[in-house]
Amino acid sequence: MRAHQQEFSAKGARIAAIGLGGADYARLFREETGITFPLLIDEQREAYRAAELRKANILHLFRGDNAKGRERAKAAGHRQHALHALTQDPFQLGASFVFGPGDVDRFMHASETFSDNAPVDDLLAAVP
């Protein structure tokens with residue numbers, strides 16, 4: 001999302017992220033990724049439960065689409081921090097949302113597996 005922040009800003013949208021880690025992990029993540037948008041902390045997984053987001057299981061690690069996703073992430077220089085893997089639920093899947101004024105849900109993509117992220121074009125298209 002960081003790489004596309006200007007595109008969202010040009011459409012009048014703001015980006016925010018919610019992470020499972022605590023303050024130490026959030027600080028490390030912000031430093032390493034260089035994100036400037038808000039990063040909210042949800043150590044108790046309240047937002048994840050409210051959105052009824054799924055959790056993966058050990059078998060997801062062996063899925064072909066996940067292997068390809070790990071290769072893409074590694075090639076791009078991304079990695080999962082040991083601090084996060086050891087202190088939070090590494091099987092929690094994420095989601096992407098676009099909300100509009102007046103509590104309007106414009107878009108939702110709930111991840112089916114670790115490497116399943118909403119296409120940025122779809123997120124941008126949901127912004128009026």
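No value in this document is a laboratory result; all are computed from the given coordinates. On a predicted model such as this, the values are computed, not experimentally measured, just so you know. Glycine also receives a Cβ, built like all others from the backbone with ideal geometry; neighbour counts cover every protein chain displayed.
Under 5 Å between amide H atoms, partner at least 5 residues away or on a different chain: which partners does Phe107 have, H built in plane at 1.01 Å?
Hits under the 5 Å cutoff: Val98.
Compute the longest continuous run of the chain that contains no exposed GluC sites (Glu not before Pro); treat a site as exposed when its DSSP state is not H, G, I, E or B and it has at most 16 other Cβ atoms within 10 Å.
It runs 53-111.
Hey, what did the chain get for relative contact order, percent, Cα under 8 Å, at least 6 apart? It would help to have the intermediate numbers written out before the result.
Values: 143 pairs, mean separation 31.7, N = 128.
Contact order relative to length: 25 percent.
Putting +1 on Lys and Arg Cβ atoms and -1 on Asp and Glu Cβ atoms, find which of Ala56, Pro128, Ser115 reaches farthest to the positive end of the dipole of the chain.
Of Ala56, Pro128, Ser115, it is Ser115.
If Lys and Arg each add +1 and Asp and Glu each add -1, what is the summed charge of the other residues whose beta carbon sits under 14 Å from the beta carbon of Ser111? Write out the running numbers ahead of the final one.
On the way: positive: Arg54, Lys55, Arg63; negative: Glu52, Asp65, Asp89, Glu112, Asp116, Asp122.
Cβ neighbours under 14 Å give a net charge of -3.
Can you give the Rg to Rh ratio for the chain, taking only C-alpha atoms and Rh from Kirkwood?
Details: Rg = 14.9 Å, Rh = 15.8 Å.
For the chain, the value is 0.94.
Have a look at the DSSP beta bridges in the chain and tell me what percent are antiparallel, nearest 5.
70
Quick check: the angle from helix 64-75's long axis to the longest principal axis of the chain, C-alpha only, nearest 10 degrees?
Taking the Cα atoms of the chain, the angle to 64-75 is about 80 degrees.
Report, to the nearest 10°, how far helix 23-33 tilts away from the longest principal axis of the Cα atoms in the chain, using its own Cα long axis and a range of 0 to 90°.
Approximately 70 degrees, to the nearest ten.
Just want the ordering: Met1, Met108, from fewest to most Cβ atoms lying within 10 Å of their own Cβ. Mind dumping the intermediate values first?
Details: Met1 17, Met108 13.
Starting with the residue having the fewest Cβ neighbours, the order is Met108, Met1.
Can you list the residues, at least 5 places off or on another chain, whose amide H is less than 5 Å from the amide H of Ala95, using H built in the peptide plane?
Ser111
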